[in-house]
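So the structure is just underneath, and the comments pick up after that.
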Amino acid sequence: EFGLELDCDLFEIASNLRTARNSAAGEASPASILNGRRRRAPFLLAVSGFLVGATTIASIITFVSPRNPNKWQAVTAPHQHASASSGSERPTDLQQLDSSPISTAMTALEGYSKVPGYNCFLGNGGEPLGGPMQADPEYKLSFENCSQKCSKDTACQGFVVMAGQDQNTVSCWLRQNINVVSCIKGTPFDLWAISKVAEAAKELGEAASTPSPAPAAPTTPAPPPIARGPGVRTFTQRPNVQCHGLSGGMGADPDWTSIEDCHQKCLNAQTCAGYSMPHNAASQNGGACRLHETIPLDSCSYSADWDTWLSSDGDEWPLGSPQDLYPWYFEGTTKEAVTQAPTYFQLDGYDCWGSSKQLPGKADAVKAGSPEDCQRACDREPTCDGFILGHKARDGQCWLRSDVALSHCAKAARDDAADFDFWYRRNWVTNDKSPAPTHEFYMYRAVANGILHKYPVGEENMANMDGVLWYLANEIVTNYSHGVRCPRRFGIEKIVRFKVRTTAPAPLYAEGMNFGIRYAYDQGQCAGRCFEGNKCTGEADCALQFNKYGYFVGCNRFVDQYPFPSGYISAPGGVWYSVPLAGRCAGNVTGQKDCTWSYEMAGELTLAELETAYPGNDNCCDNRCTDFWRDQYNIGLMGWRVEQVKKLFAEKYPDMPGNLVDPPCDFDWHKWYENDHWPKADPWE
């Protein structure tokens, strides 16, 4: 229960036996080594647990408490405010950089030399004190106390501070194993390093060999941040957009904060231009709250882990909006702007050691510095299928593997219990245009208002008309046989129609199919095939088939009852689809592995429009009652609903074609999954 793997289940016992076997053979496996450190077997941890004092136990409980869920890096670490561009350079005029008020007060410090504009953090030239598996706390100390805290620990080689702060209270992060060559330059942070590290920086021309005297203060002070009055602003959420902006003196809340509280903090701060929180903050009931005074346009990048909320009256977008920065992320993209199909599929929490082989005649472990270094090492080996690396690690040892059986890899039950990720190599030999026909037809989504402006079209599930109405009737406006849902589930308020064009990639068409398996998507993550009871095969299932066939559009017919829904179905004509973002393109859909579908917006119909057109007393919500959804298990009434919605769309959009024919959903699951060895688990538990 302390998060130390004290439970000796069968998997851990097998892991221990394997570790013992490998140790006896002189081979180090990733199940026993993490970044050069041997993991203690669970039974050893259990024994040692009886020997520690009460203070140690208390500190362990604090470390693994829900308020510190990320054991790899603290969410308030300074790397979140570094320049997003790896190629960004430090200003050439070091004297100008040193003339800021913070530099005036902090340019001389016994035993340390300043390296201006450098930010060193995990994966980029530095580690948290204690190693990469330790938390990375942000200390709020005086500049002098920060340096003293570093000096007391022999492993500490320096510390990073945020520029622009009063020396009496600075944000301070302690660092070990500093390599200035790998640090990021041109950031709003300064590195203060011990002599050994500073000498390396001196060779790069980044620091003086001896502390320099304080220069004169600038004659013209910088303009103050724009004041923004409380209570007069709104915020726009940008999911999966991480803006590293400058936090000024606002700092961060190290405790978990709800989105509403973080919003209010920014609203009450006159200089706040926006805030960032973890992407899973809503599902986790909160997260770390980072307020920003300014958000430079070039500081934003795509992130699977973070969302940013922007103030409605901020000056942070002088050249436009996030759509201008990342047009591929929003609607109306071109093929070139959508995305580049990944060279490697990163499978979070997968340990494929026992379901793969060491490269013939090659050393297994590679001392690589980053995932990119591991990829280059794997690319040099024709038989390499991928590599194992520490979970969400940006540097460390990796293990190259061949003959990987993804369906037999060990998958961690939770993200915070994962030790490793498997990086699966894409082996596309050719990416030729496909001879398959192109199909044009309508797909539908049931959505909440504003959702299409928050998320890209792709990495999601759609349906034909029968499929979307079955979903609405059973999961949104009712809870199957348990009565009316009000408010409507997920805040869904309308049906959106898309005119979609699809072309099967050549390898799929060669097997006689225009569609592949329909995968389930949740928050942009492919969960694999999901069966009754939310039992899913996981993203490795998706990676295996996308690697083999390309980014195909998937489908499943309700009558096949595979993988879901199952049992009695009142919409026998229902079809659900999956559309991967990496296969989306514009214009001519070539059927190349990264150009399998495109779309155009084709209108929408609100539930209010639908329900008021058919008044009654069966289903009442939002001050209106309707008979449209009555008897959702009646096949005849379901067919009637389909025809009524088609008629309403035709009346509302008379200039759009109303007779597009759905192509047959011809995926044959027996060809791929007749012998199904994939383990299934609930990804939402």
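For the range 377-419, enumerate the residues that are more than 24 Å from the chain's Cα centre (by Cα), basic (Lys, Arg) and open to solvent by 20 Å² or more (accessible area, probe 1.4 Å).
Correct list: Arg380 only.
Suppose we keep only residues that are touching a residue at least 60 places away in the same chain (Cβ under 8 Å) and more than 13 Å from Cys384 (Cβ to Cβ) within the range 351-370. Which one would you say is surrounded by the most Cβ atoms within 10 Å (Cβ to Cβ)? Full working, then the answer.
Filtering the range 351-370 for residues touching a residue at least 60 places away in the same chain (Cβ under 8 Å) gives 351-354, 364-365, 369-370.
Subsequent filtering for residues that are more than 13 Å from Cys384 (Cβ to Cβ) retains 351, 353-354, 365, 369-370.
On the way: Asp351: 25, Trp353: 23, Gly354: 14, Ala365: 18, Gly369: 15, Ser370: 17.
The qualifying residue surrounded by the most Cβ atoms within 10 Å (Cβ to Cβ) is Asp351.
Within the range 406-421, count every residue that is more than 16 Å from Gln545 (Cβ to Cβ) and either among the aliphatic types (A, V, I, L, M) or in a strand (DSSP E or B) (or both).
Number satisfying all stated conditions: 8.
For residues that are at pLDDT 90 or above and touching a Phe, Trp or Tyr at 6+ places or on another chain (Cβ under 8 Å), scanning just the range 657-679, find the one that is most open to solvent (accessible area, probe 1.4 Å).
Per the criteria, the residue is Val661.
Consider only pairs whose beta carbons are under 7 Å apart and that are at least six residues apart or on different chains; among these, list those whose first residue lies in the range 247-275 and is modelled with pLDDT of 80 or more and whose second residue is surrounded by fewer than 18 Cβ atoms within 10 Å (Cβ to Cβ).
Ser258/Asn285; Ile259/Ala282
Of everything in the range 420-455 that's surrounded by fewer than 21 Cβ atoms within 10 Å (Cβ to Cβ) and in contact with a Pro (Cβ under 8 Å, 6 or more places away or on another chain), which residue is farthest from Ala506 (Cα to Cα)?
Lys454
For the range 610-624, what are the residues that are open to solvent by less than 50 Å² (accessible area, probe 1.4 Å), of a type in the set (A, V, I, L, M, F, W, C) and part of a strand (DSSP E or B)?
Result: Cys621, single match.
Considering only residues that are β-branched (Val, Ile, Thr), closer than 13 Å to Thr478 by Cα and in contact with a Lys or Arg (Cβ under 8 Å, 6 or more places away or on another chain), which ones fall in the range 609-640?
First, pick out the residues of the range 609-640 that are β-branched (Val, Ile, Thr): 612, 626, 635.
So of that shortlist, the ones also closer than 13 Å to Thr478 by Cα come out as 626.
Within the range 609-640, none qualify.
Taking the range 552-566 only, how many residues are in contact (Cβ under 8 Å) with a residue 12 or more places away in the chain, part of a loop (DSSP other than H, G, I, E, B) and open to solvent by 10 Å² or more (accessible area, probe 1.4 Å)? Write out each step before concluding.
Residues of the range 552-566 that are in contact (Cβ under 8 Å) with a residue 12 or more places away in the chain, as a first pass: 552-560, 562-566.
This time we only want the ones that are part of a loop (DSSP other than H, G, I, E, B), so: 552-553, 562-566.
Next, only the ones that are open to solvent by 10 Å² or more (accessible area, probe 1.4 Å) stay: 562, 564, 566.
Selection size over the range 552-566: 3.
Identify, please: which residue in the range 393-427 is among the charged types (D, E, K, R) and modelled with pLDDT under 85 and is, among those, nearest to Trp684 (Cα to Cα)? Explain how you work it out, then say what you get.
Going through the range 393-427, the residues among the charged types (D, E, K, R) turn out to be 394-395, 401, 403, 411, 414-416, 419, 421, 425-426.
Those still in the list that are modelled with pLDDT under 85 too: 394-395, 414-416.
Values: Arg394: 26, Asp395: 29, Arg414: 9, Asp415: 11, Asp416: 14 Å.
Result: Arg414.
Taking the conditions exactly as written (surrounded by 19 or more Cβ atoms within 10 Å (Cβ to Cβ) and under 19 Å from Trp672 (Cβ atoms)), does Trp597 satisfy them or not?
Working: surrounded by 19 or more Cβ atoms within 10 Å (Cβ to Cβ): yes; under 19 Å from Trp672 (Cβ atoms): no.
When the stated conditions are applied, Trp597 does not pass them.
The values are calculated or read from the model by the stated rules, or taken from the named source; none is laboratory data. Given the structure is predicted, the values throughout are model-derived calculations rather than measurements. Glycine also receives a Cβ, built like all others from the backbone with ideal geometry; neighbour counts cover every protein chain displayed. Protein only, heavy atoms only, side chains kept; ligands, DNA and RNA dropped before computing areas. Shrake-Rupley method; radii C 1.70, N 1.55, O 1.52, S 1.80 Å.
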